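A quick write-up on the structure given underneath.
Bear in mind these aren't lab numbers, they're just calculated from the coordinates by the rules spelled out. All figures in this text were calculated on a predicted structure; none of them were measured in a lab. Here the Cβ positions follow ideal geometry from the backbone for every residue, glycine too, while neighbour counts run over all protein chains shown.
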Amino acid sequence: MELPLSSYPGKIHVLTGVKEIDQAIAEISKSKVVGFDTEARPTFKKGQIRNISLIQIATRTEVYLLRIKETGLINSIVDFLESDSIMKVGIGLDDDKQLLKRLADFEPTNFLDLNVEMPNFGAEKIGARNLSAMLLKIRISKSAQTSNWENPTLTHKQVQYAATDAWICLEIYQKLVEWGHL
């Protein structure tokens with residue numbers, strides 16, 4: 001049986017300005033747990049440097065896409081990344097944190113990597129697609145993964161993909177909490 005294809009169904013904010021990102025971070029900071037992911041323009045040659053273009057943050061009610069290619073890693077985002085009062089849940093976060101640290105000097109705090117946690121529950125196949133199938137019984141599309149995240153305007157497909165990637169982390173986390181695993 002093929003699982004149903006699913007994507008984030010709620011409100012998505014695509015933010016490119018410092019003021020609107022500061023306002024979004026103030027809203028996001030009211031959450032205790034958020035889904036977290038980043039996107040970078042893909043590289044296809046060995047040795048090419050990837051720079052993060054987008055940070056995705058999902059709360060229980062909305063997803064925020066922060067176009068840091070436009071703003072850089074501003075103070076409000078650094079404060080969020082260093083906050084110990086907000087748990088940032090993601091999948092494969094080591095690479096994200098290292099690439100972000102190239103943009104600003106900060107100490108990543110209170111991150112939970114589902115890839116690190118899942119082997120504790122006997123899960124061998126990890127990653128957003130596999131975890132979504134195993135725990136939520138849905139399929140998610142990864143077709144926009146290698147698109148150009150530095151484009152001046154993101155396509156609808158990119159926006160939906162990016163929002164889904166952050167949202168799915170929060171949904172998986174909530175499922176594990178519901179089952180008493182976290």
Quiz item: So which aspartates and glutamates can K69 reach, going by Cα to Cα under 12 Å and dropping same-chain residues fewer than 8 places off?
Solution: E39, E150
Exercise. Return the whole-Å distance between the Cα centroid of the range 4-39 and the Cα centroid of the range 63-111.
Key: 12
Quiz item: Under the Karplus relation 6.51 cos²θ - 1.76 cosθ + 1.60, θ = phi - 60°, what is the ordered set of whole-Hz ³J(HN,Hα) values for the range 89-94, x standing for Gly and Pro?
Solution: 9, x, 10, x, 7, 4
Quiz item: What range in the chain is the longest one free of GluC sites (Glu not before Pro) that are in a loop by DSSP and have at most 13 other Cβ atoms within 10 angstrom?
Solution: 3-123
Quiz item: Which entries in K11/K46; K46/K157; K11/K175 show an alpha-carbon gap greater than 31 Å?
Solution: K11/K46
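The range 1-73: which chymotrypsin sites (Phe, Trp or Tyr not before Pro) are DSSP loop and have at most 10 other beta-carbon atoms within 10 angstrom? Write out the running numbers ahead of the final one.
Values: sites: F36, F44, Y64; in loops: F44.
Passing both the DSSP loop test and the Cβ count: F44.
If you take the square roots of the eigenvalues of the alpha-carbon gyration tensor of the range 11-178 and sort them as a ≥ b ≥ c, do you get rounded (a/c under 1.5), prolate (a/b over b/c) or oblate?
Here the range 11-178 falls in the rounded category.
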Quiz prompt | Placed amide H near I91: partners under 5 Å, 5+ positions off or other chain | solution = L114
Practice problem: Tabulate in residue order the Karplus-calculated ³J(HN,Hα) for the range 149-159, using 6.51 cos²θ - 1.76 cosθ + 1.60 with θ = phi - 60°, rounded to whole Hz; enter x for Gly and Pro. | Solution: 7, 9, 3, x, 10, 7, 6, 4, 4, 5, 4
Practice problem: Hey, can you grab everything whose amide H is under 5 Å from the amide H of Y8? Only 5+ residues off in sequence or another chain; H modelled, so Pro and N-termini drop out. | Solution: T164
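In debye to the nearest 20, how big a dipole does the chain give about its Cα centre with +1 on each Lys and Arg Cβ and -1 on each Asp and Glu Cβ?
The calculation lands at about 600 debye.
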